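> Below is one structure. I have some questions about it.
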């Protein structure tokens, strides 16, 4: 992934985050909690990528510029935060049944989406 692609995707996820904040009517405390959760996922994601690359399980092409890991981390944080806001709202409205449907939908939609993105951007 190039720096330009990463910035574009991060900006698109930022728009999604703003929409999630608006439509879930989240308070600033809730938004900060979602960002903190995104920060935790960012740490775990970068660690998983580094470990997977080192063990040869997969290859994630990462630029070797000094600012790219920080930009990649920011992308993780911003892309994961809306998920926490949406699941919070679904859990408040539909309890555990809503979360079960949400997780099922993510399980069905996620893998084909990942394969489609990998096919579109093979490098």
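The values are calculated or read from the model by the stated rules, or taken from the named source; none is laboratory data. Since the structure is predicted, the reported quantities are computational estimates derived from the model, not experimental observations. Note that we place each Cβ from the backbone using ideal geometry, even for glycine, and neighbour counts take in every protein chain shown.
> Restricting the first residue to the stretch 1-17 and requiring it to be more than 11 Å from residue 71 (Cα to Cα), which pairs with a second residue that is buried (at least 16 other Cβ atoms within 10 Å of the Cβ) meet a Cβ separation below 6 Å and a spacing of at least six or different chains?
Between residues of the stretch 1-17 that are more than 11 Å from residue 71 (Cα to Cα) and residues that are buried (at least 16 other Cβ atoms within 10 Å of the Cβ), the close pairs are 13/78; 13/79; 14/78; 16/82; 17/78; 17/81; 17/82.
> Limited to the stretch 60-103, what total is found for residues that are modelled with pLDDT under 90 and over 18 Å from the mean Cα position of the chain (by Cα)?
Residues meeting the conditions: 5.
> When the stretch 43-64 is examined, which residues are found to be out of contact with any helix residue (DSSP H, G or I) (no Cβ under 7 Å at 6 or more places or on another chain) and within 21 Å of residue 4 (Cα to Cα)?
49, 61, 64, listed by residue number.
> Another one. Considering only residues of the stretch 21-32 that are surrounded by fewer than 14 Cβ atoms within 10 Å (Cβ to Cβ) and under 19 Å from the mean Cα position of the chain (by Cα), which is nearest to residue 89 (Cα to Cα)?
Within the stretch 21-32, the match that is nearest to residue 89 (Cα to Cα) is 23.
> Looking at the stretch 1-45 only, could you name the residues that are in a loop (DSSP other than H, G, I, E, B) and either closer than 28 Å to residue 121 by Cα or in contact with a strand residue (DSSP E or B) (Cβ under 7 Å, 6 or more places away or on another chain) (or both)?
Correct list: 1, 2.
> For residue 35, are the conditions met, namely being surrounded by 12 or more Cβ atoms within 10 Å (Cβ to Cβ), closer than 27 Å to residue 65 by Cα and at pLDDT 95 or above?
Against the criterion (surrounded by 12 or more Cβ atoms within 10 Å (Cβ to Cβ), closer than 27 Å to residue 65 by Cα and at pLDDT 95 or above), residue 35 qualifies.
> Out of (1) under 20 Å from residue 59 (Cβ atoms); (2) part of a helix (DSSP H, G or I), what's the single condition that is false for residue 122?
Exception for residue 122: condition (2).
> In a loop (DSSP other than H, G, I, E, B), loosely packed, with under 13 Cβ neighbours inside 10 Å and at pLDDT below 95 - does that describe any residue in the stretch 46-56?
Yes - at least one qualifying residue is present in the stretch 46-56.
> Output the qualifying pairs, or none if there are none: Cβ atoms under 9 angstrom, residues six or more apart or on different chains, first residue in the stretch 63-87 and more than 17 Å from residue 8 (Cβ to Cβ), second residue in a loop (DSSP other than H, G, I, E, B).
69/62; 69/63; 85/26
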